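The values are calculated or read from the model by the stated rules, or taken from the named source; none is laboratory data. Keep in mind it's a predicted model, so treat the numbers as computed, not measured. Because the Cβ atoms are built from the backbone with ideal geometry, glycine has one as well, and the counts that use them run over all protein chains shown.
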Amino acid sequence: MEWNTLDVIFGILLLFFSLRGVLRGFVGEVFSIGAVALGLGAGYFLGPHFAPVVEQKLHLPGWGSVVSFLGVFLLVYVLLKIIEKLFRGFIESLHLQNLDKALGLFLGVGEGLILILLLLWGLRVQPIFDAKALLQESWIARFLLPLSHSLFRNLPSRWV
(Lines give C-alpha, C1' and ligand atoms only; values in the text may rest on other atoms or scores of the structure.)
Protein backbone atom coordinates (compact mmCIF):
# COMPACT_ATOMS: atom_id res chain seq x y z
CA MET A 1 0.00 0.00 0.00
CA GLU A 2 1.51 3.28 -1.12
CA TRP A 3 0.24 6.66 -0.01
CA ASN A 4 0.27 9.57 -2.39
CA THR A 5 0.23 13.26 -1.50
CA LEU A 6 -3.55 13.32 -1.26
CA ASP A 7 -3.52 10.46 1.26
CA VAL A 8 -0.95 12.25 3.40
CA ILE A 9 -3.02 15.45 3.39
CA PHE A 10 -6.21 13.55 4.24
CA GLY A 11 -4.38 11.61 6.95
CA ILE A 12 -3.10 14.83 8.52
CA LEU A 13 -6.61 16.33 8.41
CA LEU A 14 -8.11 13.24 10.04
CA LEU A 15 -5.40 13.20 12.70
CA PHE A 16 -5.90 16.92 13.39
CA PHE A 17 -9.66 16.61 13.83
CA SER A 18 -9.26 13.46 15.94
CA LEU A 19 -6.78 15.12 18.28
CA ARG A 20 -8.92 18.24 18.47
CA GLY A 21 -11.90 16.08 19.40
CA VAL A 22 -9.96 14.33 22.15
CA LEU A 23 -8.54 17.55 23.57
CA ARG A 24 -11.82 19.47 23.52
CA GLY A 25 -14.03 16.53 24.41
CA PHE A 26 -17.49 15.78 23.09
CA VAL A 27 -19.21 18.57 25.00
CA GLY A 28 -16.66 21.16 23.89
CA GLU A 29 -16.88 20.08 20.25
CA VAL A 30 -20.68 20.00 20.14
CA PHE A 31 -21.06 23.35 21.84
CA SER A 32 -18.31 24.95 19.73
CA ILE A 33 -20.04 23.91 16.53
CA GLY A 34 -23.48 24.62 17.96
CA ALA A 35 -22.56 28.07 19.26
CA VAL A 36 -21.37 29.23 15.85
CA ALA A 37 -24.13 27.50 13.86
CA LEU A 38 -26.98 28.58 16.14
CA GLY A 39 -25.49 32.06 16.49
CA LEU A 40 -25.38 32.48 12.72
CA GLY A 41 -28.88 31.08 12.34
CA ALA A 42 -30.33 33.26 15.09
CA GLY A 43 -28.55 36.32 13.72
CA TYR A 44 -29.88 35.63 10.24
CA PHE A 45 -33.49 35.01 11.29
CA LEU A 46 -33.83 37.34 14.29
CA GLY A 47 -31.45 40.15 13.32
CA PRO A 48 -33.80 41.83 10.82
CA HIS A 49 -36.48 42.11 13.51
CA PHE A 50 -34.19 44.21 15.69
CA ALA A 51 -32.65 46.30 12.88
CA PRO A 52 -35.20 49.17 12.96
CA VAL A 53 -34.89 49.48 16.75
CA VAL A 54 -31.09 49.48 16.57
CA GLU A 55 -31.07 52.15 13.84
CA GLN A 56 -33.44 54.33 15.83
CA LYS A 57 -31.85 53.93 19.28
CA LEU A 58 -28.20 54.06 18.23
CA HIS A 59 -28.68 56.60 15.44
CA LEU A 60 -26.97 54.36 12.89
CA PRO A 61 -28.90 54.68 9.64
CA GLY A 62 -28.13 51.78 7.33
CA TRP A 63 -26.17 49.85 9.95
CA GLY A 64 -29.08 48.40 11.91
CA SER A 65 -29.02 45.05 10.13
CA VAL A 66 -25.31 44.52 10.68
CA VAL A 67 -25.35 45.61 14.33
CA SER A 68 -28.48 43.60 15.14
CA PHE A 69 -27.06 40.50 13.42
CA LEU A 70 -23.82 40.79 15.39
CA GLY A 71 -25.70 41.46 18.62
CA VAL A 72 -27.97 38.43 18.26
CA PHE A 73 -25.03 36.27 17.17
CA LEU A 74 -22.95 37.30 20.18
CA LEU A 75 -25.85 36.84 22.58
CA VAL A 76 -26.55 33.29 21.39
CA TYR A 77 -22.83 32.45 21.22
CA VAL A 78 -22.14 33.63 24.78
CA LEU A 79 -25.27 31.92 26.09
CA LEU A 80 -24.23 28.59 24.58
CA LYS A 81 -20.69 28.97 25.91
CA ILE A 82 -22.14 29.49 29.41
CA ILE A 83 -24.27 26.36 29.00
CA GLU A 84 -21.14 24.51 27.80
CA LYS A 85 -19.33 25.56 30.97
CA LEU A 86 -22.22 24.23 33.07
CA PHE A 87 -22.16 20.92 31.18
CA ARG A 88 -18.40 20.63 31.69
CA GLY A 89 -18.84 21.16 35.41
CA PHE A 90 -21.55 18.50 35.47
CA ILE A 91 -19.33 16.03 33.60
CA GLU A 92 -16.41 16.72 35.93
CA SER A 93 -18.60 16.24 39.00
CA LEU A 94 -19.65 12.81 37.71
CA HIS A 95 -16.03 11.96 36.73
CA LEU A 96 -16.95 11.33 33.09
CA GLN A 97 -14.03 13.17 31.51
CA ASN A 98 -12.68 10.00 29.87
CA LEU A 99 -16.04 9.27 28.26
CA ASP A 100 -16.24 12.89 27.13
CA LYS A 101 -12.80 12.62 25.51
CA ALA A 102 -13.59 9.25 23.87
CA LEU A 103 -16.83 10.58 22.42
CA GLY A 104 -14.91 13.68 21.34
CA LEU A 105 -12.51 11.42 19.43
CA PHE A 106 -15.39 9.81 17.53
CA LEU A 107 -16.94 13.19 16.80
CA GLY A 108 -13.56 14.49 15.60
CA VAL A 109 -13.14 11.49 13.29
CA GLY A 110 -16.64 12.15 11.95
CA GLU A 111 -15.85 15.82 11.34
CA GLY A 112 -12.62 14.86 9.58
CA LEU A 113 -14.39 12.33 7.36
CA ILE A 114 -17.07 14.87 6.44
CA LEU A 115 -14.38 17.38 5.46
CA ILE A 116 -12.52 14.74 3.44
CA LEU A 117 -15.74 13.76 1.64
CA LEU A 118 -16.38 17.41 0.79
CA LEU A 119 -12.80 17.82 -0.46
CA LEU A 120 -13.10 14.67 -2.59
CA TRP A 121 -16.32 15.96 -4.08
CA GLY A 122 -14.70 19.34 -4.71
CA LEU A 123 -11.71 17.75 -6.41
CA ARG A 124 -14.02 15.70 -8.62
CA VAL A 125 -16.14 18.62 -9.82
CA GLN A 126 -13.61 21.45 -10.05
CA PRO A 127 -12.77 22.49 -13.62
CA ILE A 128 -9.25 23.85 -13.07
CA PHE A 129 -7.25 20.63 -13.52
CA ASP A 130 -7.95 16.97 -14.15
CA ALA A 131 -7.83 15.25 -10.76
CA LYS A 132 -8.80 11.75 -11.96
CA ALA A 133 -5.25 10.39 -11.82
CA LEU A 134 -4.68 11.87 -8.39
CA LEU A 135 -7.93 10.39 -7.09
CA GLN A 136 -7.31 6.97 -8.67
CA GLU A 137 -3.90 6.72 -7.02
CA SER A 138 -5.25 7.69 -3.61
CA TRP A 139 -5.81 4.84 -1.19
CA ILE A 140 -8.25 6.87 0.94
CA ALA A 141 -10.18 8.14 -2.09
CA ARG A 142 -10.67 4.55 -3.27
CA PHE A 143 -12.70 3.83 -0.14
CA LEU A 144 -14.48 7.15 0.26
CA LEU A 145 -15.37 8.05 -3.35
CA PRO A 146 -18.23 5.50 -3.52
CA LEU A 147 -19.63 7.03 -0.33
CA SER A 148 -19.16 10.49 -1.82
CA HIS A 149 -21.09 9.42 -4.94
CA SER A 150 -24.01 8.13 -2.91
CA LEU A 151 -24.11 11.17 -0.61
CA PHE A 152 -24.02 13.77 -3.37
CA ARG A 153 -26.11 11.98 -6.03
CA ASN A 154 -29.16 14.20 -5.42
CA LEU A 155 -27.27 17.41 -6.20
CA PRO A 156 -27.88 19.12 -9.55
CA SER A 157 -25.97 17.41 -12.36
CA ARG A 158 -23.65 20.37 -12.93
CA TRP A 159 -22.36 19.94 -9.33
CA VAL A 160 -21.72 16.22 -9.56
Meets criteria (outside any loop (DSSP other than H, G, I, E, B), over 20 Å from Arg24 (Cβ atoms) and of a type outside the set (A, V, I, L, M)) for Pro52: yes
The one condition in (1) over 30 Å from Leu134 (Cβ atoms); (2) in a helix (DSSP H, G or I); (3) modelled with pLDDT under 95; (4) not hydroxyl-bearing (Ser, Thr, Tyr) that Leu38 fails to fulfil: (3)
Residues of the range 6-28 satisfying the condition of being out of contact with any Gly (no Cβ under 9 Å at 6 or more places or on another chain) and of a type outside the set (Val, Ile, Thr): Leu6, Asp7, Gly11
Single residue of the range 78-102 satisfying the filter (of a type in the set (A, V, I, L, M) and not in a helix (DSSP H, G or I)) that is surrounded by the fewest Cβ atoms within 10 Å (Cβ to Cβ): Leu94
Residues that are more than 16 Å from the chain's Cα centre (by Cα) and either acidic (Asp, Glu) or over 10 Å from Gly112 (Cα atoms) (or both), drawn from the range 1-21: Met1, Glu2, Trp3, Asn4, Thr5, Leu6, Asp7, Val8, Ile9
Candidate set from the range 103-144 (those that are touching a residue at least 60 places away in the same chain (Cβ under 8 Å) and among the β-branched types (Val, Ile, Thr)); member that is surrounded by the most Cβ atoms within 10 Å (Cβ to Cβ): Ile116
The range 7-27, subset closer than 17 Å to Leu103 by Cβ and of a type in the set (Val, Ile, Thr), residue surrounded by the fewest Cβ atoms within 10 Å (Cβ to Cβ): Val22
